[in-house]
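These notes are about the structure you will find just below.
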Amino acid sequence: MVLKKKIIVWFRQDLRLNDQEALWTAFQDDAIIIPLFIWSPKDEKKWPIGNASRQWLKQSLELFSDSIKSKGSRLIIRQGAVLDTILEMVDEVKADGVFWGRCYEPYNIDLSTKLKTALKKKNLIAESFNTRLLFEPWEIATKQGNPFQVFTPFWRTCQKMSENIKKPFPEPETLNSVPSSISSESISIIQLKEKNHWKFTTQRPWEPGEKGAVKALEHFSKDGINQYSEERDRPDHQGTSRISPHLHFGEISPRTIWHHLTHISKRTSNTQKKDEIEAYLRQVIWREFAYHLLYHFPHTVEQPLRAAFNEFGWEQEKNLLKAWKEAKTGFPIVDAGIKELLHSGWMHNRVRLIAASFLIKDLLIHWIEGARFFWENLVDADLANNTMGWQWVAGCGADAAPYFRIFNPVTQSQKFDPDGVYITSWLPELKKLPAKWIHSPWLAPLEVLKQADIELGSDYPYPIVDHDEARKKALSLFEEMREKTKD
């Protein structure tokens, strides 16, 4: 009689059954599978999971646990240092090895390396799998064999390699039962760091979990993709896919998205639809680019990729940072974005760019302050995307927007929220203000403000900076930095 292998499958940011290569490989090997999740925020070093993401994780984990139960098994939840917890469990269940999906944050790479070393010392199986990306970061390189730092050639290279993207792995039909003697913690061990004020289940129609992710993809591919390239920049419309938190927690894989949309593209004769699908897939590759950069340049989570920016004259105006965090800048599009973030755990992508530019270039506050604030408050907080996004706006990262590209919050607001629909949805105190003045209330005549029941400085703040003056100062500091760092 041949004894079956006993394999622990450790889940992290891949909370799904479909296209789950670590799980599928163990299932195909006819192994006895012990599904495991470990709550270990201390292992995440300086970037422990934020409060908003914790709320999403709790719901996602509960739904994932239910999915595993539906297959005849159960998810074991433990808490503690990852390495110690896994090695203790290996001894407890007499496991033959551990399978897991790769994560690419610096602390997670370090954990995986130590785990493989420890398991192999015990002559146990230690295998990791790609469960989060289309391509491994080391698979894409320039002709010289170097990592990319410019997106367009990265995108073209990925397009050429796209025929090699694996098809999603099916989910197991059934899973073996896990003995009741193996104890498990409750999901309640994942505690919020402060009182819950995110209402993303009501403020926005989020549905965490794998089923919610599939629904979001199906809805988007049916109704949202057709005008994606234009609508994605309108915060007053529902023009984005809203799949980002599902991707971060691995409730859906990029391979599933890629094959689903490329299948639609191949079947349609509508040229515009093909173009719109390509525009969206380009954003999927933008996410890949973020992971490519994080893997090859791990220091960028706290340091600029372009070292010259270490000499930039950032200011330390805590009152200005506080006003930005509290949605009291006096610029409606910026304040509406922060309000959306604080109340729903999400912010429209175009508004993220506007709010980030305002913090960095109008207030001259270091981009890391904004990155940390987003990390704490976004349900889709992702270290790779967050780092690249903030460095892109700051002009100090790969393929970054030039520093002298400084968003004017008023003209951006007028262009992308022309009627103030988005603004008033988050700043109801401005709802009586005519659209002409809603983007810059401080310019409205006193009679108009009076009719709208607005007293500036009381009902809504005056602008905390003069944008034109702030722009000049930012450009001056940029020139000073360039002079300092000339060869």
Q.
With angles folded into 0 to 90 degrees, how steeply does helix 271-296 sit against the dominant principal axis of the chain? Use alpha carbons for both and round to 10.
A. 70 degrees
Q: May I ask for the angle, rounded to the nearest 10°, between helix 151-161 and the longest principal axis of the chain, with both axes built from Cα atoms and the value confined to 0 to 90°?
A: 30 degrees
Q: Can you check how the C-alpha radius of gyration of the stretch 6-131 compares to 2.2 N^0.38 Å, as a plain ratio?
A: 1.01
Q.
At a 10 Å Cβ-Cβ cut-off, how would you order SER180, SER112, fewest neighbours first?
A. SER180, SER112
Q. Gap in Å between the Cα centre of the stretch 1-37 and the Cα centre of the stretch 313-392?
A. 40 Å
(Q) Compute the distance from the alpha-carbon center of the stretch 206-246 to that of the stretch 90-156, in whole Å. (A) 29 Å
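Rg to Rh ratio, the stretch 307-481, alpha-carbon atoms and Kirkwood radius? Can you show the working numbers first?
Numbers: Rg = 16.0 Å, Rh = 16.5 Å.
Radius of gyration relative to Kirkwood radius: 0.97.
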Q: Identify the residues of the stretch 69-98 with backbone N under 17 Å of a label point that sits 7 angstrom from the Cα of SER177 along the Cα-to-Cβ direction, or state none.
A: 69-76
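Tell me the relative contact order for the stretch 180-299 as a rounded percent, counting alpha carbon contacts under 8 Å between residues six or more apart. Walk me through the intermediate numbers first.
On the way: 65 pairs, mean separation 26.6, N = 120.
Value for the stretch 180-299: 22 percent.
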Q. Could you give the angle, 0 to 90 degrees to the nearest 10, between helix 383-394's Cα long axis and the longest principal axis of the Cα atoms of the chain?
A. 20 degrees
**Q.** Among the listed pairs LYS4/LYS69; LYS5/LYS120; LYS46/LYS318, those beyond 27 Å (Cα-Cα)
**A.** none
Q.
Based only on other Cβ atoms within 10 Å, what is the fewest-to-most ordering of LEU115, LEU3, LEU23, LEU293?
A. LEU3, LEU115, LEU293, LEU23
**Q.** the stretch 436-459 and the stretch 268-292: distance between their alpha carbon centers, rounded to Å
**A.** 42 Å
Q: Starting from the Cα of LYS160, draw a straight line to each of the aspartates and glutamates and keep only those under 20 Å, dropping any in the same chain fewer than 8 residues away.
A: GLU136, GLU139, ASP275, GLU276, GLU278, GLU288
Q | Residues whose placed amide H lies under 5 Å from that of ILE76, excluding near-sequence neighbours | A | LEU36, PHE37
Q: Throw me the Rg/Rh for the stretch 212-327, computed over C-alpha atoms with Kirkwood Rh, two decimals.
A: 1.09
Q: Translational diffusion coefficient, Stokes-Einstein: compute it for the stretch 251-304 using the Kirkwood radius over C-alpha pairs as Rh, at 10 °C and 1.306 mPa s, and state it as an integer in µm² s⁻¹.
A: 124 µm²/s
Q. Straight-line reach from LYS114: which aspartates and glutamates have a Cα under 14 Å away, not including same-chain ones fewer than 8 places off?
A. ASP43, ASP84, GLU127
Q. Taking a label point 7 Å from the Cα of HIS299 along the Cα→Cβ vector, which residues of the stretch 453-487 have an amide N closer than 20 Å to it?
A. 481-482, 484-487
**Q.** Out-of-range pairs (alpha-carbon distance over 20 Å; input LYS222/LYS274; LYS322/LYS472; LYS6/LYS122; LYS325/LYS432)
**A.** LYS322/LYS472; LYS325/LYS432
Q. Can you give the Kirkwood hydrodynamic radius of the chain from its Cα pairs, in Å with one decimal?
A. 24.3 Å
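To make sure I understand, if each residue's beta carbon is the centre and we count other beta carbons within 10 Å, what order do CYS158, CYS103 fall in, fewest to most?
CYS103, CYS158
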Q.
If you average 1/r across every pair of different Cα atoms in the stretch 278-325 and take the reciprocal, what Kirkwood value do you get, in Å?
A. 13.6 Å
Q) Where the eigenvalues come from the Cα gyration tensor of the stretch 159-288, what are the semi-axes √(5λ) of the equivalent ellipsoid, largest first, in whole Å? A) 32, 23, 12
Q: Compute the length gained on full extension between ARG282 and ASP110: take 0.36 nm times their separation in residues and subtract their Cα-Cα distance, giving the result in nm to one decimal.
A: 58.9 nm
Q | Contour minus Cα-Cα distance for ASP29 and LEU446 (0.36 nm per residue) | A | 142.6 nm
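Readers should treat all values here as calculations from the given coordinates under stated rules, not as data from a laboratory. Everything numeric in this text was worked out from a predicted model, so none of it was measured. Cβ: placed from backbone, ideal geometry, glycine included. Neighbour counts: every protein chain shown.
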